[in-house]
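The values are calculated or read from the model by the stated rules, or taken from the named source; none is laboratory data. As the structure is a prediction and not an experimental result, all values here were calculated from the model. Quick reminder, even Gly has a Cβ in these numbers, built from the backbone with ideal geometry, and neighbours come from all protein chains shown. Note: accessible area is taken over every heavy atom of the protein model, side chains too, but ligands, DNA and RNA are not part of it. Shrake-Rupley method; radii C 1.70, N 1.55, O 1.52, S 1.80 Å.
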Amino acid sequence: MICFIPRTEIAPNPAHGDAALKKINDRHGGTMFSSKEYPYYDREDFSSLKIYTVKDHTQLIHPENGLGSKQHPKLTKKVVTHEKLWQRFKAVIPERIREDVKEFEIFTDGHGEYYGSVSPLNFIQTQWRLSFDIQDFTYDKKLSYKVIVHEAAHLIGFDDSQHNNTAKSYCTNYQILERCANDEAYTQLFYKQFWTKEMVEESYTYAYDSVENRSYASTKNFVTPYAMNNVDEDFAESFSYFIFSKRPTDLKKIKHQKIEFFYQFEELIKLRNELLHNIERDYR
């Protein structure tokens, strides 16, 4: 369970995070959304290479080869790189956010397909496997920090403090990976403000197929095309823009309202400041 910093009488100042963000952008050129272009795409089927147990939220132990390790022996043997990717995640994401990550998986599906994921290890969604694509992470370091923040957003949204045991047939709130969201859960509030039941049903129908033809697809309403997939991805992508861009001043567009959504939570403003300072220290 995630324990956020409690609210205090002194409101957090987003300018602290903005200052760290400016240092990051100045040092590395452009914004955190200007990634390296792949010279080619070699998309492949998903291959699990190595799975580690995470001990005490910190240490990788008991490595086991994944089912795709024989197809990619060189990538599977790069255990030093595996450790570096875990250390990067650990340097950016506070322990209170990653404490329920019990497994760390290295996989690949070629360049430029899926970069990372978070998946439950038990039915009640209290333990998680974090997965990173080693080829994407080693090709573009800037991209890796964006993926780390995106997956952290899922850990926040999926946390067991955010949902309850209400049976699916009785749940009137948004369902977080088959669990019923609490009334004040971040994802529930995000869903109520920006989604409808019809949109959710359409997102389930098309799953992760092409999003352009969906009735609700619009660049005015979503920060990225990937955000159009479903509520959870919209939440995570919008959270990433909350972290890596300055507070929007023009709220006419719904996608800007989604970024502004996170500023109503003091604990998330504090987290933004913390993440950006961590990245500023680690991204060299």
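A 1.4 Å probe, protein heavy atoms only, puts the accessible area of residue 197 near 120 Å².
Over region 72-209, what is the percentage of antiparallel beta bridges among all DSSP beta bridges, to the nearest 5?
Values: 9 of 15 bridges.
Among the beta bridges of region 72-209, antiparallel pairing accounts for roughly 60 percent.
Within the listed set 139, 170, 204, the residue fluctuating most in the Gaussian network model of the chain (springs between alpha-carbon atoms under 10 angstrom) is 170. Enter the Cα centre distance for the pair region 182-245 and region 131-174, rounded to the nearest angstrom. Between the Cα centres of region 182-245 and region 131-174 lies a distance of 13 Å. Annotation: lysines with alpha-carbon distance below 22 angstrom to residue 220 (same-chain offsets under eight excluded): 146, 192, 197, 246, 252, 253, 255, 258.
Using a probe of 1.4 Å, the accessible surface attributed to residue 183 totals some 100 Å² when neighbouring protein chains are kept in position. By the rule of a C-alpha distance below 16 Å, with chain neighbours fewer than 8 residues away ignored, the aspartates and glutamates paired with residue 55 are 64, 83, 95, 99, 100, 103, 105. Between 174, 34, 52, the Cα set farthest toward the positive side of the dipole of the chain (charges on each charged residue's Cβ, about the Cα centre) is that of 34. Averaged per residue, region 109-165 has 30 square angstrom of accessible surface, using a 1.4 angstrom probe with ligands and nucleic acids left out. For region 221-284, the dipole from Cβ point charges (+1 on Lys and Arg, -1 on Asp and Glu) about the Cα centre works out to 320 debye, to the nearest 20. If R0 is 22 Å, the Cβ-Cβ spacing of residue 33 and residue 219 corresponds to a FRET efficiency of close to 0.95. The DSSP beta bridges internal to the chain are antiparallel in roughly 75% of cases. By a 1.4 Å probe calculation restricted to protein chains, residue 265 has an accessible surface near 20 Å², given to the nearest 10. Taking the protein heavy atoms of the chain in the context of the full set of protein chains, the accessible area attributed to carbon and sulfur is 51 percent at 1.4 Å. Residues 210, 218, sorted by accessible area with the largest first, give 210, 218 [1.4 Å probe; ligands and nucleic acids excluded].
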